[in-house]
Amino acid sequence: MAFDESTHESARSSASYRAIFDASVNSILIIDWDSGRILDVNRKALESTGYTADEMRALSAEDLSDRQPPHTGAEVREYIMLAREGRCPMFEWRRRNKDGSLRWDEVMIKPGELAGRRVLLAFARDITAHKDALEELKLSEEQYRRIMGVNVDGVVYGARAAARAMREHGGGAIVATASVAGLVGFSPDPIYT
């Protein structure tokens, strides 16, 4: 009877582990301590990469990289070495999916133990949308600076040229009207009213 109870307890424990493992919103990869091969993955990792569980188990962590510096095998090995020492920082990684598409992940690798076996646990969160939004913001800011630079530079260079002409002709006036006045119709400004 004790054998049956321990067998059932082990099965319940295994089912609980798998339920928690697969419920994670982050990809989780269990990596072999020595070889760096993928031993197991959760459902989110399969959804994110497009691989099946069997295909993932045939890969190494390096196989999921875009293989362009700084996302090559050498960097994977460095992160794995740091993880074995328990001092791997969180890092961004360019992941190549089964279909060849590239995505950005934020990754943390930690040492662990499962069923008495030393393993590395890799937790990955897709940050592609966040990185794309930051890039759009950067481009938008660059565009804004170019537009404003034309406005400001135009006033500065125009004023310089006008000042030279005024010196050569014995005087004059420079009138600089802000672009915002043209948008809102600033009433004391005779040019825009």
Margin query: Using a Cα-Cα cut-off of under 18 Å, which aspartates and glutamates could be cross-linked to LYS131, ignoring same-chain neighbours fewer than 8 residues away?
Written below: ASP66, GLU92, ASP105, GLU106, GLU141, GLU142
Checklist line | For ARG37, net neighbour charge (Lys/Arg +1, Asp/Glu -1) across residues whose Cβ lies under 11 Å away | finding: -4
Notebook entry, point to check: Calculated FRET efficiency, MET81 and GLU141, Cβ-Cβ r, R0 45 Å, to nearest 0.05?
Noted result: 0.75
Notebook entry, point to check: Based on the Cα coordinates of region 53-133, what is the per residue volume of their convex hull in Å³?
Noted result: 104
Checklist line | Phi to ³J(HN,Hα) by Karplus 6.51 cos²θ - 1.76 cosθ + 1.60 over region 58-67, Hz, x for Gly, Pro | finding: 8, 9, 10, 4, 4, 4, 8, 8, 7, 6
Next item on the list: Treating the Cα atoms of region 1-146 as identical point scatterers in vacuum, please give the log10 of the normalised Debye intensity I(q)/I(0) at q = 0.16 Å⁻¹, two decimals.
Entry: -0.89
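Bear in mind that the values in this text are calculations on the coordinates, not laboratory data. Keep in mind the model is a prediction, meaning the values are calculated, not measured. All Cβ positions, glycine included, derive from the backbone under ideal geometry; neighbour counts span all protein chains shown.
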